[in-house]
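Every number in this text was worked out from the coordinates using simple rules, so none of it is lab data. Computed from a prediction, not measured in an experiment: that's the story for all the values here. Cβ placement follows ideal geometry from the backbone for every residue including glycine, while neighbour counts extend to all protein chains displayed.
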């Protein structure tokens, strides 16, 4: 068991709690915490939290009476970066106290793996304030775009073949993903493999049998979300992104989707120009990416 105690000023509070690795036996208690606490952060859903539990990348903050009062889970998306993918703290417990204890575990875990950066993409104000107090800094923002779906024709590079992705394509998709996105945005192969079997739409763009781009989308009812779109660097600016985008939107319209969203980095001006050209408009507030160099 990993114990975390603080200095004299907080020793009375800290001595009430310990932080330990979570186990699969904690699932019921974790579910209760997520249901009843208003301070939760679980952007990838319960499935990914279960994966983090199984992988040993999750910790719980436990009161002396053995009640679970806090949670943190991480995912190593890249050799250089570990991302916080789940967090929760029970009502009434100071978020700063929770963060001080559980983040120490996450940082120690990162250092043991020779990773020197922690990241978190969060729109949860309570979590951002706690991370900020613990030395995290905002280094980027993610913008959400929305589009009122209307019928239109597929455009872009006509020499490219767009077809459904297959299992054998995924290593190449993962390699392109690693090539074109900064480490903090990388999708691990396991996540891409999971998406293949569950997304509503997953395609690759090919030129003479070479995969040069990919795109996947998800939808529920009349709302669709374009989750990922990427083009290898030597084919960027040649209409492949336009082809993938318009193919995906056309497919959504045919499926009865009338509202489409997507996310992109504020600094990704090329992608933003493409989306805006096809009628996407920024909605809501940008979501900050918080980052900490561990040294």
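Where both partners of a DSSP beta bridge lie in the chain, what percent of those bridges are antiparallel, to the nearest 5?
90 percent
Of the peptides 46-53, 73-80, the ranking by mean beta-carbon count within 10 Å, highest at the top, reads 73-80, 46-53.
Distances between every pair of Cα atoms in the stretch 8-135, grouped in 10 Å steps from 0 to the bin holding the largest one, split as 13, 49, 34, 5 percent. Rounded to the nearest 10 degrees, the angle from helix 189-198 to the longest Cα principal axis of the chain is 60 degrees.
Two decimals is fine: what is log10 I(q)/I(0) at q = 0.09, 0.18 Å⁻¹ for the stretch 82-214, from a Debye sum with one equal scatterer on every Cα and no solvent? Each listed q maps to, in turn, -0.44, -1.12. Rounded to the nearest 0.05, the FRET efficiency derived from the C-beta distance between residue 24 and residue 111 at R0 = 25 Å is 0.45.
Beta-bridge orientation, the stretch 26-156: approximately 90 percent antiparallel, per DSSP, counting only bridges with both partners inside. Across the stretch 144-285, the volume of the C-alpha convex hull divided among the residues equals 109 Å³ per residue. With a simple spin-label model that places each label point 7 Å from the Cα along the Cα-to-Cβ direction, the separation between residue 38 and residue 259 comes to 2.4 nm.
Here the label points at residue 164 and residue 46, each 7 Å from Cα along the C-beta direction, are separated by 2.9 nm in the simple model.
The stretch between residue 64 and residue 218, if pulled fully straight at 0.36 nm per residue, gains 51.2 nm over its current Cα-Cα span.
Counting only the Cα atoms, the chain fills a convex hull of 139 Å³ per residue.
When each of the peptides 181-189, 210-218 is scored by the mean number of other C-beta atoms lying within 10 Å of its residues, the order from highest to lowest reads 210-218, 181-189. The C-alpha atoms of the chain define a longest principal axis, and helix 95-112 lies at about 70 degrees to it. Helix 240-254 and the longest principal axis of the C-alpha atoms of the chain enclose an angle of approximately 90°. Compute the FRET efficiency between residue 234 and residue 270 as 1/(1 + (r/R0)^6), taking r as their Cβ-Cβ distance and R0 = 22 Å, and round to the nearest 0.05. So the FRET efficiency works out to roughly 0.90.
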